[in-house]
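As structure tokens, the structure follows; a few thoughts come after it.
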Amino acid sequence: MLKPARSKLKEKDPEGRMPLADHLRELRNRLAKAMLAIVIASVAAVAYSQELMEFLTSPVPECVGDGPQKGGVCARVVYTDLLSPFTTTVKVVLMAGIIVSCPVWLYQMWAFVAPGLHKNEKKYSYYFAAAAAPLFAGGAYFAYLVMPVSMKVLLSITPAPAENLLSVDKILDFTVRMVLIFGFSFELPLLLIMLNLTGMVTGRRMLGWWRGAVMGIFVFGAIATPSTDPLGMVALSGPIILLYFCAVGFSMLNDRRRRRNDPDAELDDDEASDLDLTPAALGEVEPVSAAARALPEQATGEADGGRTNRLNGYDDIT
């Protein structure tokens, strides 16, 4: 049923070209396989929904005991309406299914795009995919470490007569946003390295941007963090700045390697390269027979009525 469209081609195009209908059929099959993997993983995650809920709410400093807890010391995790337990469980298991099945749907995406890539593009894609996954996982783990401290800072603002009641839906949204923002923000150095490898930006130019980059990263950290507290801004901006300078160092080393292999690699499109005008000795000249390169009528003399006043098949000495 989900037989790949490329197998239906009688002759495989060496350049990976396909008709539009086959491309759409291939895309449909890849999406169907990805969705099926997500559904299966989500159904399996239902058995661990309770453990997942405890894991997501663990950063919250929960109150201990039955009495009211005044002030910003702790908070109670509650459901605010009748459907909240069901909808929250569905969100959690669906999110777990997407994460667990990511090798399958990432492979389906890659299998759809890979036939249109050149050999060197595939090689770079492997490198970037191998680096992107640890960077995203590191950002997500760092966000999970920052969340308990950030929540305590936010809860400490609560006045003494009040008690904190946190909805599970809000906690889930906060956790997902923190994980996604930290994870994707850690991909910034990978983007810079990709621009450098393609020759669009040099390491020296990126180093010259460091003041604006640091300022922009702090502004982004202040806007992007859901907690809107200074701790979250610094916790997000600090590692990104460190990764930015790591990307600059890698780019400068790559530029040095590129100059060593090709001195003209960093020239602009309208900039002329240095020409080597040193005279060089000519090698042995291969003799060429004039009759072999002349037209048939010139070689035989038939075009001028059999006249023989030609030199090597030509009308004059030139």
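The values are calculated or read from the model by the stated rules, or taken from the named source; none is laboratory data. All of these numbers come straight from a predicted model, not from anything done at the bench. Cβ sites come from the backbone with ideal geometry, for glycine too, and all protein chains shown count toward neighbours. Just the protein is used for accessible areas: all its heavy atoms, side chains included, with ligands, DNA and RNA removed. Shrake-Rupley method; radii C 1.70, N 1.55, O 1.52, S 1.80 Å.
I need the full set of residues from region 159-184 which are touching a Gly at 6+ places or on another chain (Cβ under 6 Å) and either surrounded by 17 or more Cβ atoms within 10 Å (Cβ to Cβ) or without any contact (Cβ under 8 Å) to a residue 40 or more places away in the chain (or both), in order please.
Within region 159-184, 182, 183 meet the criteria.
Go through 129, 96, 133, 75 for me and flag whichever is among the hydrophobic types (A, V, I, L, M, F, W, C), more than 28 Å from residue 24 (Cα to Cα), touching a helix residue (DSSP H, G or I) at 6+ places or on another chain (Cβ under 8 Å) and without any contact (Cβ under 8 Å) to a residue 60 or more places away in the chain.
Selected residue: 96, the only one of 129, 96, 133, 75 that is among the hydrophobic types (A, V, I, L, M, F, W, C), more than 28 Å from residue 24 (Cα to Cα), touching a helix residue (DSSP H, G or I) at 6+ places or on another chain (Cβ under 8 Å) and without any contact (Cβ under 8 Å) to a residue 60 or more places away in the chain.
Quick one: in region 180-198, of everything that is among the hydrophobic types (A, V, I, L, M, F, W, C) and more than 14 Å from residue 236 (Cα to Cα), which residue is modelled with the lowest pLDDT? It would help to see each step written out before you state the result.
Of the residues in region 180-198, the ones among the hydrophobic types (A, V, I, L, M, F, W, C) are 180-182, 184, 186, 188, 190-195, 197.
Those left that are additionally more than 14 Å from residue 236 (Cα to Cα): 190-195, 197.
Values: 190: 85, 191: 85, 192: 86, 193: 85, 194: 83, 195: 83, 197: 80.
So the residue we want is 197.
May I ask you to list the residues in region 203-260 that are of a type in the set (Val, Ile, Thr) and either part of a helix (DSSP H, G or I) or open to solvent by 20 Å² or more (accessible area, probe 1.4 Å) (or both)?
Across region 203-260, the qualifying residues are 214, 217, 219, 223, 228, 234, 240, 241, 248.
Go through region 152-169 residue by residue and tally those that are over 24 Å from residue 236 (Cβ atoms) and assigned to a helix (DSSP H, G or I).
1
Between 282, 267, which is loosely packed, with under 12 Cβ neighbours inside 10 Å and at pLDDT below 80?
Exactly one residue qualifies, and that residue is 282.
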